[in-house]
1. Residue 356 is checked against (1) modelled with pLDDT of 95 or more; (2) crowded, with 19+ Cβ neighbours inside 10 Å; (3) in contact with a Leu (Cβ under 9 Å, 6 or more places away or on another chain) and fails just one. What number does that condition carry?
2. If residue 191 satisfies every condition in (1) surrounded by fewer than 23 Cβ atoms within 10 Å (Cβ to Cβ); (2) not assigned by TED's automatic domain parsing to the domain that holds residue 123 but one, which is the exception?
3. Return the residue satisfying two criteria in turn: it lies in segment 193-240 and is among the acidic types (Asp, Glu) and in contact (Cβ under 8 Å) with a residue 60 or more places away in the chain, and of such residues it is farthest from residue 159 (Cα to Cα).
4. Residues 341, 264: which one is within 12 Å of the chain's Cα centre (by Cα) and at pLDDT 90 or above?
5. Mind listing just one residue for me: the one in segment 359-371 that is closer than 23 Å to residue 73 by Cα and among the charged types (D, E, K, R) and, of those, surrounded by the most Cβ atoms within 10 Å (Cβ to Cβ)?
6. Kindly check whether there is at least one residue in segment 129-145 that is within 26 Å of residue 188 (Cα to Cα) and in a helix (DSSP H, G or I).
7. Do the conditions hold for residue 374, that is, is it over 30 Å from residue 199 (Cβ atoms), β-branched (Val, Ile, Thr), exposed (fewer than 15 other Cβ atoms within 10 Å of the Cβ) and modelled with pLDDT under 95?
Amino acid sequence: MTEDLLNFEEDEVLDDMLEVNERKGVTKYTRIILTTTCAIHDYYALYVCKNPCMTSALTGDKWLCELSHGHPNRFHNMFKMSQVIFMDLVSLLESSYGLHGSRRTSTREVLAITLYILGHNESIRSTCEQFQHSKETISRFFYNGLQALVRLSMEIIAPVDKFFHHIPEKIINDKRYMPYFKDCIGAIDGTHVDARIPIKEQVIYIGRHHSPTQNVMAACDFNMCFTFVSPGWEGSTHDARIFKHAVMDPKYNIPAPPPGRFYLVDAGYPLQRGYLKPYIGTRYHLPDFRRGSRTIMGHKELFNSRHSSLRSVIERSFGVWKKKWGILRDMPNYSFKKQRLIVVGTMGLHNYIRRHISRNDPDFIDCDVDENFIHPEAYQCRVGEQIEESNVLYADVEFGDDEGVNEMIELREKIAFELCN
């Protein structure tokens with residue numbers, strides 16, 4: 001009797017375990033089926049039977065085609081260059097620098113998207129609406145276009161006369177500078193570009209402007225083309241430190257002045273061989289000579305006035321560059337690496353437009369017509385706005401800090417007395 005009872009209880013336990021296992025199995029497979037069904041439904045809704053969002057009849061390519069055959073001002077307002085320059089740039093980037101479209105998007109539309117964002121600082125969402133593409137597509141095309149521009153910039157941000165054999169036309173054709181500055185090959189200065197930095201890292205990027213910026217050092221020739229750029233420095237970094245790194249470290253590859261030649265630099269830079277700065281403690285900036293007493297007193301002020309007038313080419317270049325590419329004045333929240341690429345890419349565009357055979361760009365023409373005209377954008381987030389600060393900082397080290405100091409002091413004295421005579 002006891003054995004029969006035990007056998008009965010064991011059978012019941014086994015039956016219960018089998019039933020539970022069967023229920024668990026059903027539940028497991030039911031969940032798999034439901035999950036798979038939901039995934040299929042979502043895929044079908046998103047990619048098979050989706051509700052179209054970008055349904056405008058005027059697609060990005062049609063809008064671009066309309067502008068290409070419309071008034072030149074409309075095209076320039078949208079893409080910051082003429083139709084001729086745009087088409088030549090498309091051909092160059094496609095053939096040599098890796099610009100490409102897709103099965104449904106032309107190469108010229110990819111470049112148009114890139115220029116539209118750079119020129120107007122448009123958001124990705126706004127650009128989606130204008131060109132009738134998804135956010136993912138616009139982001140991908142913008143990065144592709146920016147990379148192609150950076151590759152172009154690596155070659156085009158360089159002197160046309162790499163060995164500086166010729167005297168610049170700007171100097172040859174102006175009696176104010178010839179023959180005194182015949183050995184000058186360009187000007188160097190720095191400017192600040194708005195930056196978006198994570199809060200934890202912002203302190204070192206905040207300088208005198210009380211907002212995060214990246215400090216950009218650049219050199220230019222007298223055709224208002226950039227010949228060197230070193231972007232991405234913290235906004236609190238002084239000009240002289242950037243200059244030292246650029247000149248002494250071969251990786252920056254700055255076009256060094258040959259023996260006997262020199263760049264013009266302002267008072268914030270150290271005096272050394274190949275880099276000629278103005279006299280310290282003497283009027284320098286052109287507005288200083290225009291207001292109050294306009295009489296130039298002595299050889300030092302005369303030298304400073306000519307030095308400032310000739311060096312202003314770098315300020316005019318910064319002015320055109322910042323006016324044309326609005327993204328530089330209010331940088332979006334991209335990664336800092338991409339922000340640096342934007343600086344380099346837009347400088348390459350600046351050079352390409354200036355050197356194009358058409359020579360027809362209103363932003364440059366304004367500066368060509370009036371050599372004293374500087375676009376106001378040049379003074380936004382400027383480095384060295386107050387020359388007095390630089391003078392105080394470097395007054396004690398000018399005559400013993402760098403190689404070739406005595407050589408440059410003698411050259412400065414020679415030019416100053418020749419100007420007086």
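1. Of (1) modelled with pLDDT of 95 or more; (2) crowded, with 19+ Cβ neighbours inside 10 Å; (3) in contact with a Leu (Cβ under 9 Å, 6 or more places away or on another chain), only one is false for residue 356: (2).
2. All conditions pass for residue 191, except number (1).
3. Here is the first cut: in segment 193-240, the residues among the acidic types (Asp, Glu) are 194, 201, 221, 234, 239.
Among the residues that remain, those that are also in contact (Cβ under 8 Å) with a residue 60 or more places away in the chain are: 194, 221, 239.
On the way: 194: 27, 221: 7, 239: 22 Å.
Among those residues, the one meeting the criterion is 194.
4. Sole residue among the options that is within 12 Å of the chain's Cα centre (by Cα) and at pLDDT 90 or above: 341.
5. The selected residue is 361.
6. Applying the first criterion (within 26 Å of residue 188 (Cα to Cα)) to segment 129-145 yields none.
The answer is no; no qualifying residue exists.
7. Working: over 30 Å from residue 199 (Cβ atoms): yes; β-branched (Val, Ile, Thr): yes; exposed (fewer than 15 other Cβ atoms within 10 Å of the Cβ): no; modelled with pLDDT under 95: yes.
So residue 374 fails the test.
Results for (1) in contact with a His (Cβ under 9 Å, 6 or more places away or on another chain); (2) free of Cβ contacts under 8 Å to residues at least 40 places away in the same chain, shown as yes or no for each residue.
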residue	(1), (2)
65	no, yes
70	no, yes
73	no, yes
85	yes, no
92	no, no
102	no, yes
116	no, yes
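The values are calculated or read from the model by the stated rules, or taken from the named source; none is laboratory data. Everything numeric here is computed off the predicted structure, so don't read it as measured data. Note that each Cβ is placed from the backbone with ideal geometry, even for glycine, and that neighbours are counted across all protein chains shown.
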